[in-house]
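Asker: Handing you a structure now.
What follows is calculated from the coordinates using simple rules that are stated; it is not laboratory data. In this text, all values refer to a predicted model and were calculated from it rather than measured experimentally. Neighbour counts are summed over all protein chains in view; Cβ atoms, including those assigned to glycine, are modelled from backbone coordinates with ideal geometry.
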Amino acid sequence: MQLMGDGLAVLGSRHGMMWDPFKRRCYLVRFDQHPGIPFALQVGLRIGERTVILPLAPEGTDFAFVDQELMPTSMVMTGVDP
């Protein structure tokens with residue numbers, strides 16, 4: 001599946017989160033800034049000396065396969081590494 005950027009925010013809230021796996025970046029969405037404040041979200045797995053992460057941070061080794069589910073109230077990214 002082609003990974004897509006998406007955002008999650010609550011109506012009336014001042015903050016939300018947007019991810020852009022193509023650019024390997026996440027944003028803290030604020031009501032007054034677009035696209036938001038960039039930050040690196042390193043989510044992954046470390047086994048011994050080897051670390052693999054989801055494509056949400058500019059540095060690191062990605063999972064070999066990443067699947068994505070986008071629903072109205074949630075975003076799910078699943079990484080698979082052989």
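Asker: If you check Leu8, Leu56, Leu28, which single one turns out to be aliphatic (A, V, I, L, M) and either part of a loop (DSSP other than H, G, I, E, B) or in contact with a helix residue (DSSP H, G or I) (Cβ under 8 Å, 6 or more places away or on another chain) (or both)? Let's see the steps before the verdict.
Answerer: Working: Leu8 fails: either part of a loop (DSSP other than H, G, I, E, B) or in contact with a helix residue (DSSP H, G or I) (Cβ under 8 Å, 6 or more places away or on another chain) (or both); Leu28 fails: either part of a loop (DSSP other than H, G, I, E, B) or in contact with a helix residue (DSSP H, G or I) (Cβ under 8 Å, 6 or more places away or on another chain) (or both).
That would be Leu56, the only listed residue that is aliphatic (A, V, I, L, M) and either part of a loop (DSSP other than H, G, I, E, B) or in contact with a helix residue (DSSP H, G or I) (Cβ under 8 Å, 6 or more places away or on another chain) (or both).
Asker: Quick one: in segment 57-81, which of the residues that are aliphatic (A, V, I, L, M) and touching a strand residue (DSSP E or B) at 6+ places or on another chain (Cβ under 6 Å) is farthest from Pro21 (Cα to Cα)?
Answerer: Initial filter on segment 57-81 (aliphatic (A, V, I, L, M)): 57, 64, 66, 70-71, 75-77, 80.
Now restrict to residues that are touching a strand residue (DSSP E or B) at 6+ places or on another chain (Cβ under 6 Å): 66, 70, 75-77, 80.
Numbers: Val66: 10, Leu70: 13, Met75: 12, Val76: 12, Met77: 10, Val80: 15 Å.
Top of the filtered list is Val80.
Asker: Additional query: Counting only residues that are touching a residue at least 12 places away in the same chain (Cβ under 8 Å) and in contact with a Lys or Arg (Cβ under 7 Å, 6 or more places away or on another chain), which one in segment 27-55 is surrounded by the most Cβ atoms within 10 Å (Cβ to Cβ)?
Answerer: Pro55
Asker: Please go through segment 63-79 and pick out each residue that is under 15 Å from Gln2 (Cα atoms) and touching a residue at least 12 places away in the same chain (Cβ under 8 Å).
Answerer: Step one: of segment 63-79, the residues under 15 Å from Gln2 (Cα atoms) are 63-70, 75-79.
Across segment 63-79, the qualifying residues are Phe63, Ala64, Phe65, Val66, Asp67, Gln68, Leu70, Met75, Met77, Thr78, Gly79.
Asker: Every residue in segment 59-82 that is surrounded by fewer than 11 Cβ atoms within 10 Å (Cβ to Cβ) and out of contact with any Ser or Thr (no Cβ under 9 Å at 6 or more places or on another chain), please.
Answerer: Residues of segment 59-82 that are surrounded by fewer than 11 Cβ atoms within 10 Å (Cβ to Cβ), as a first pass: 59, 64, 69, 71-74, 76, 80, 82.
Correct list: Glu59, Ala64, Met71, Pro72, Thr73, Ser74, Val76, Val80, Pro82.
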